[in-house]
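To keep things clear, I will list the structure first and then write my remarks on it.
The values are calculated or read from the model by the stated rules, or taken from the named source; none is laboratory data. Owing to the predicted nature of the structure, the values given are computational and were not obtained by experimental measurement. Neighbour counts are summed over all protein chains in view; Cβ atoms, including those assigned to glycine, are modelled from backbone coordinates with ideal geometry. For accessibility, only protein heavy atoms count, side chains too; no ligands or nucleic acids. Shrake-Rupley method; radii C 1.70, N 1.55, O 1.52, S 1.80 Å.
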Amino acid sequence: MLAFSLLSFMGQAHADVISLHKGISTDIWMSWPNEEQLAEKPELTAVFPEWLQQNNQKQIANLRVAGFDFVRLTVDPLAYLWNPSAVKTATLNAGVLTAIKAIRAENLNVLVDFHAIPKGGDRKIGTETYVATPQAFNNFVSQAVSLATSLSTQDAAHVAFEPINEPVLDCDYDEGGNRHRWPAMALQLHNAARKAVPSLTLVMQGACWGGSNGLVDLDPTQFEDANIIWDFHSYDPFLFTHQGAEWQDGVERYVSGLHFPPQPNQKAQIIGKTIAQIKKANLPANRKAELIAQTKNDLSHYFQPGAALAMHSSAFKQVAEWANIHNVPPENIMLGEFGANRTSETAISLDQDRLAFVERSRKEAEKRGYSWALWSWSGSMSPTNNDHNRIVLPSYIRALGLIPQN
């Protein structure tokens with residue numbers, strides 16, 4: 001009788017764990033209001049998240065039709081943290097619940113992602129701000145908990161919560177300061193979120209932009225929680241995936257026409273073209289010199305035989321080794337972001353390369369038993385034909401191994 005009861009309990013617990021396999025993030029952060037816009041137009045938060053202002057149920061249905069089984073619902077923390085009030089927070093949380101309802105209506109599961117983004121462009125407040133001091137982080141945790149609390153009534157079989165996106169600290173290139181800060185902060189954030197949502201699956205990331213290096217710095221046993229999915233993001237090789245990305249300030253911003261894997265006879269042409277673009281940029285002379293030197297170094301390495309593919313595989317191997325050490329089952333690991341930038345120049349000539357990168361990333365995840373979420377529903381890494389009707393392209397359906405649904 002005891003054995004039967006235990007098995008029944010285990011079966012019930014299993015039924016309440018969310019199933020996430022093939023997902024996509026909703027929208028790009030570049031469309032979100034900055035703090036000045038939020039101050040000038042408070043009504044911007046009346047319809048929240050932002051993509052609900054432009055999109056409809058038919059467009060959400062297109063994701064189900066394409067074959068995705070979950071949506072990573074990106075929610076902007078700045079809207080919560082800028083001039084917070086109980087009324088505004090309640091409005092924002094109600095908007096998230098409305099979005100969940102719309103997504104669930106298409107039989108898609110939902111990962112609610114408190115999607116912190118770094119400062120840049122016209123944003124003066126970002127992820128760096130949220131993690132800069134204990135008080136700032138406490139404020140962030142408080143708002144994450146307010147969102148989590150609103151999710152506590154959701155069905156644990158269909159809704160999960162990711163309390164931060166890409167913590168920007170503890171990178172190898174950081175000079176000075178206190179390294180390895182994130183493990184303790186991650187545990188603080190996890191414990192607060194878990195108290196607010198006792199039954200929902202939590203998705204946790206490592207530091208340094210959510211990459212594999214940050215994830216392997218975490219010790220899963222410290223969290224004492226079996227209902228966690230461990231998330232890592234991988235855009236390597238970064239020179240390829242972010243070439244032409246205007247929001248970047250490194251070499252990749254000035255690169256164009258780079259193939260994946262590289263075509264060896266392109267090397268001199270790509271290096272020369274990149275240097276020419278840097279020279280034309282409106283930058284101080286010393287910064288141009290730094291970028292030119294970095295161009296020669298980074299692109300020379302990219303074109304070494306096998307280097308680009310090794311860069312791509314590195315994160316997956318690192319996470320697999322970490323999982324083996326800590327006995328983390330593959331179903332508790334997610335490739336939470338991957339994709340490749342498309343500019344007007346690369347839209348046609350490099351589409352096959354972008355698809356090759358997406359397909360290779362998806363297969364690397366799936367062969368290890370990991371779930372995945374493509375970045376993103378709209379914008380320069382989108383798999384859709386345009387940002388209006390958002391029909392997923394057949395070429396992307398094939399690359400992602402999706403099975404279209406009626």
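Looking only at region 213-228, decide whether some residue is closer than 26 Å to Gly379 by Cβ and either without any contact (Cβ under 8 Å) to a residue 40 or more places away in the chain or touching a Ser or Thr at 6+ places or on another chain (Cβ under 8 Å) (or both).
Checking region 213-228: not a single residue is closer than 26 Å to Gly379 by Cβ and either without any contact (Cβ under 8 Å) to a residue 40 or more places away in the chain or touching a Ser or Thr at 6+ places or on another chain (Cβ under 8 Å) (or both).
The residues of region 305-346 that are open to solvent by 50 Å² or more (accessible area, probe 1.4 Å), charged (D, E, K, R) and either within 14 Å of Phe238 (Cβ to Cβ) or at pLDDT below 95 (or both), listed by number, are Arg342, Glu345. With (1) over 18 Å from Ala193 (Cβ atoms); (2) of a type in the set (Gly, Ala, Ser); (3) open to solvent by less than 60 Å² (accessible area, probe 1.4 Å) as the list, and Gly121 as the residue in question, which single condition is left unmet? Condition (3) is where Gly121 drops out. Residues that are closer than 20 Å to Ser146 by Cα and modelled with pLDDT of 95 or more within region 108-125 comprise Val110, Leu111, Val112, Asp113, Phe114, His115, listed in sequence order. In the set Trp209, Trp247, Trp230, only one residue is touching a Pro at 6+ places or on another chain (Cβ under 9 Å) and within 24 Å of Ala308 (Cα to Cα); that residue is Trp209.
Per-residue answers, yes or no, for (1) surrounded by fewer than 16 Cβ atoms within 10 Å (Cβ to Cβ); (2) under 20 Å from the mean Cα position of the chain (by Cα); (3) not in a loop (DSSP other than H, G, I, E, B):
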residue: Val141; (1), (2), (3): no, yes, yes
residue: Ala144; (1), (2), (3): no, yes, yes
residue: Ala148; (1), (2), (3): no, yes, yes
residue: Ile164; (1), (2), (3): no, yes, no
residue: Ala184; (1), (2), (3): yes, no, yes
residue: Gln188; (1), (2), (3): yes, no, yes
residue: Ala193; (1), (2), (3): no, yes, yes
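Of everything listed in (1) surrounded by 21 or more Cβ atoms within 10 Å (Cβ to Cβ); (2) more than 19 Å from the chain's Cα centre (by Cα); (3) acidic (Asp, Glu), the single unmet condition for Glu224 is (1).
Before we move on, is Gly67 touching a residue at least 40 places away in the same chain (Cβ under 8 Å) and at positive phi?
yes
With respect to the stated conditions, Gly244 is at positive phi and either touching a helix residue (DSSP H, G or I) at 6+ places or on another chain (Cβ under 7 Å) or in a helix (DSSP H, G or I) (or both).
From the list Asp236, Asp225, Asp217, pick out the single residue that is touching a Pro at 6+ places or on another chain (Cβ under 7 Å) and part of a loop (DSSP other than H, G, I, E, B). Asp217 is the lone residue from the list that is touching a Pro at 6+ places or on another chain (Cβ under 7 Å) and part of a loop (DSSP other than H, G, I, E, B). Within region 59-94, the set of residues being in contact with a strand residue (DSSP E or B) (Cβ under 9 Å, 6 or more places away or on another chain) and under 26 Å from Val131 (Cβ atoms) comprises Arg72, Leu73, Thr74, Val75, Asp76, Pro77, Leu78, Tyr80, Leu92. Please specify each residue of region 284-304 satisfying the condition of being part of a loop (DSSP other than H, G, I, E, B) and either loosely packed, with under 15 Cβ neighbours inside 10 Å or among the β-branched types (Val, Ile, Thr) (or both). Listed by number, the residues that qualify are Pro284, Gln304. Annotation: of all residues in region 247-271 being open to solvent by less than 70 Å² (accessible area, probe 1.4 Å) and of a type in the set (A, V, I, L, M), the one that is farthest from Ala281 (Cα to Cα) is Leu258. Restricted to region 18-64, and to residues that are closer than 28 Å to Leu400 by Cβ, assigned to a loop (DSSP other than H, G, I, E, B) and open to solvent by 70 Å² or more (accessible area, probe 1.4 Å), which residue is modelled with the lowest pLDDT? Of everything passing the filter in region 18-64, Gln54 is modelled with the lowest pLDDT.
Check whether at least one residue in region 103-120 is touching a helix residue (DSSP H, G or I) at 6+ places or on another chain (Cβ under 7 Å), free of Cβ contacts under 8 Å to residues at least 40 places away in the same chain, not in a helix (DSSP H, G or I) and not small (Gly, Ala, Ser), and report yes or no. Yes; the residues of region 103-120 include at least one that is touching a helix residue (DSSP H, G or I) at 6+ places or on another chain (Cβ under 7 Å), free of Cβ contacts under 8 Å to residues at least 40 places away in the same chain, not in a helix (DSSP H, G or I) and not small (Gly, Ala, Ser).
Residue count for region 277-313 under the criterion of being out of contact with any helix residue (DSSP H, G or I) (no Cβ under 7 Å at 6 or more places or on another chain) and more than 17 Å from Gly250 (Cβ to Cβ): the result is 6. Checking Ala99, Ala90 one by one, the residue that is over 27 Å from Trp182 (Cα atoms), outside any loop (DSSP other than H, G, I, E, B) and open to solvent by less than 10 Å² (accessible area, probe 1.4 Å) is Ala99 and no other.
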